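Worksheet: the structure to be examined is printed underneath.
The values are calculated or read from the model by the stated rules, or taken from the named source; none is laboratory data. Note that the coordinates shown come from a computational prediction; the quantities given were computed from them, not determined experimentally. Neighbour counts run over all protein chains shown; Cβ positions are idealised from the backbone, glycine included.
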Amino acid sequence: MAVSQRLEMRQGQSLVMTPQLQQAIKLLQLTNVELTEFCEQELEKNPLLERDDTAPAVEGERESIDAPTGVEGSSAEALDQELAREDFSKCADMDASGEDMSDGGEERGATTSAAQPLTDWTTVKSSQVYEGDEDLLESTVANSGSLRDYLQEQLAIAALDPARRLICVSLIDAVDEAGYLRADLDEVAARLGTDRSVVEETLAVLQGFDPIGVAARSLAECLALQLKEKDRYDPAMAAMIANLELVARRDMAQLSQICCVEAADINDMLAEIRALSPKPGLFFSSDPVQPVVPDVLVREGPDGGWLVELNSDTLPRLLVNARYYASVSSKARDKESKTFLTECLNNANWLVKSLDQRARTILKVASEIVRQQDGFLTYGVRHLRPLNLRTIADAIGMHESTVSRVTSNKYISTPRGLFELKYFFTAAIQSLDGTESHSAEAVRDRIKEMIEREETREILSDDRIVAMLTADGVHIARRTVAKYRESMRIPSSVERRRLKSGENLNSGYR
């Protein structure tokens, strides 16, 4: 068979993702802070975009969980259809959808608002208003220098010769955010061309800086430095610091034997250790604390239902200046300038539609979550229902990937507190009688309550907890109980028995 080259024409269909749709997908998973930064960048690049600094329109209707969650208006129709049926690994080309995404820009008058369709959905301000010194904590943390700066300020007034001062600067650079020294002294000595003894002497000076415990090479050394400062580092305390693994296991009997003191003194020594700071460097930070701002607000309605509304304070408001576009485009002569203006207009129109659709999608998902978890809002965590992404996606007619993006790093403020939307998605634990499954979070809360209510004479083992849950109709394995207990940082039954026995013995001595 001869091998030859030839040309063939084939007709086929392919699925592609346009840059505009990629941008819409990206906006879905951005946090409110990241979204604001993105919009600021677009404002700098696109001359047709401008910020809307005016107050939102008069309050419109709010989304109620008793009402259907539809999307009105044709401004985001194409994007809404894509999000409703998309599998983001296989998205059709938006240019083939038949809608011209740049239409209406010239005919809308002076300005076109990017977020005007949202006024019926997002005009309610946050009810969490603080008066007085609301920024006191933030400003205090933000204005406090970093740990490195603080140590260098103390180094400036320390009585050290130039050589040791250089060594101390090198050691300060090796101190991490928690205040621990992350450098090998032999390596530092070799790099600086000095003896290890000199580095150790300089380290001793650095460890005398504030905060006490800084530049320690281990937890034991950090605690020892703080105890020495308080003049409480006696032989018994030194023995306890040298056996921190027994402290972690709460082995009171072994600690009492090693430290050669009575059980009452062991409890007093443990109380002193608990008062120390295991990470002294965390009091300093170069980055200001960013408070969590809710994206969605939930409050009880007058009819007993739940009202779900977007927090408009977190939403950037953009305008497309159609008048400026008409003025500039009429004066453009060359093809390159006209193409640039057309692209700016198309990008601006698509961005405002994407912002509008992002807000509507978040509201849709949040409303369905509230509808599914109304028992939690009314009665508490015990009534949290098992929930997964597919349930929400099927209910609102969207893809699971859309729901996943919407619920990532988005927060909802409820009468029971501030939660990430991901919090409401919990695994299901089957019931013995075949009725509705139990939420893993609800079972975890029941385990915590059982342990909190246990008596000293009857410490609940994991097997005993399994038996009690089984009696209540919860089908759960012992390893699952142990996993939930460890995730809540609750000690085992043996450790709890030692701890409570030590507390009772301590009270008996007193």
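Restricting to the range 189-209, give me the number of residues that are modelled with pLDDT under 90 and within 19 Å of Asp176 (Cβ to Cβ).
1
Out of the residues in the range 225-282 meeting the condition of being part of a loop (DSSP other than H, G, I, E, B) and over 30 Å from Arg148 (Cα atoms), tell me which one is nearest to the chain's Cα centre (by Cα).
So the first thing to find is which residues in the range 225-282 are part of a loop (DSSP other than H, G, I, E, B), and the list is 230-234, 242-243, 250-251, 260-262, 275-279.
Now restrict to residues that are over 30 Å from Arg148 (Cα atoms): 234, 243, 250-251, 260-262.
Working: Asp234: 43, Asn243: 36, Arg250: 33, Asp251: 36, Cys260: 46, Val261: 45, Glu262: 45 Å.
Here the answer is Arg250.
Out of the residues in the range 164-204 meeting the condition of being surrounded by 19 or more Cβ atoms within 10 Å (Cβ to Cβ) and closer than 12 Å to Leu151 by Cβ, tell me which one is farthest from the chain's Cα centre (by Cα).
Taking the candidates together, the pick is Cys168.
Which residues, taken from the range 386-418, are closer than 21 Å to Asp313 by Cβ, crowded, with 18+ Cβ neighbours inside 10 Å and not β-branched (Val, Ile, Thr)?
Hits for the range 386-418 are Lys410, Tyr411, Ser413.
Mind checking whether some residue in the range 198-220 is in a loop (DSSP other than H, G, I, E, B) and basic (Lys, Arg)?
Among the residues of the range 198-220, at least one is in a loop (DSSP other than H, G, I, E, B) and basic (Lys, Arg), which makes the answer yes.
Of the numbered conditions (1) outside any helix (DSSP H, G or I); (2) modelled with pLDDT of 90 or more, Gly434 fails exactly one; give the number of that condition.
(2) is the only condition that Gly434 fails.
Assuming Arg385 fulfils every condition listed in (1) part of a loop (DSSP other than H, G, I, E, B); (2) at pLDDT 90 or above apart from one, which condition is it?
(2)
One line per residue, one yes/no per condition, for (1) buried (at least 22 other Cβ atoms within 10 Å of the Cβ); (2) of a type outside the set (Asp, Glu); (3) touching a strand residue (DSSP E or B) at 6+ places or on another chain (Cβ under 7 Å):
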site: Lys338; (1), (2), (3): no, yes, no
site: Asn349; (1), (2), (3): yes, yes, yes
site: Glu368; (1), (2), (3): yes, no, no
site: Gln373; (1), (2), (3): yes, yes, no
site: Thr378; (1), (2), (3): no, yes, no
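Is there any pair linking a residue in the range 402-424 that is over 18 Å from Arg299 (Cβ atoms) to one that is in a loop (DSSP other than H, G, I, E, B), with Cβ under 6 Å and at least six apart or on different chains, and which?
Asn409/Thr31
Among (1) more than 21 Å from the chain's Cα centre (by Cα); (2) of a type outside the set (Val, Ile, Thr); (3) part of a loop (DSSP other than H, G, I, E, B), which single condition is Asn409 missing?
(1)
Select from the range 419-431 the residues that are surrounded by fewer than 18 Cβ atoms within 10 Å (Cβ to Cβ) and at pLDDT below 85 and list them in ascending order.
Ala427, Ala428, Gln430, Ser431
Between a residue in the range 228-252 that is β-branched (Val, Ile, Thr) and any residue that is surrounded by fewer than 17 Cβ atoms within 10 Å (Cβ to Cβ), which pairs come within a Cβ distance under 7 Å, given they are 6 or more apart or on different chains?
Ile241/Ala220
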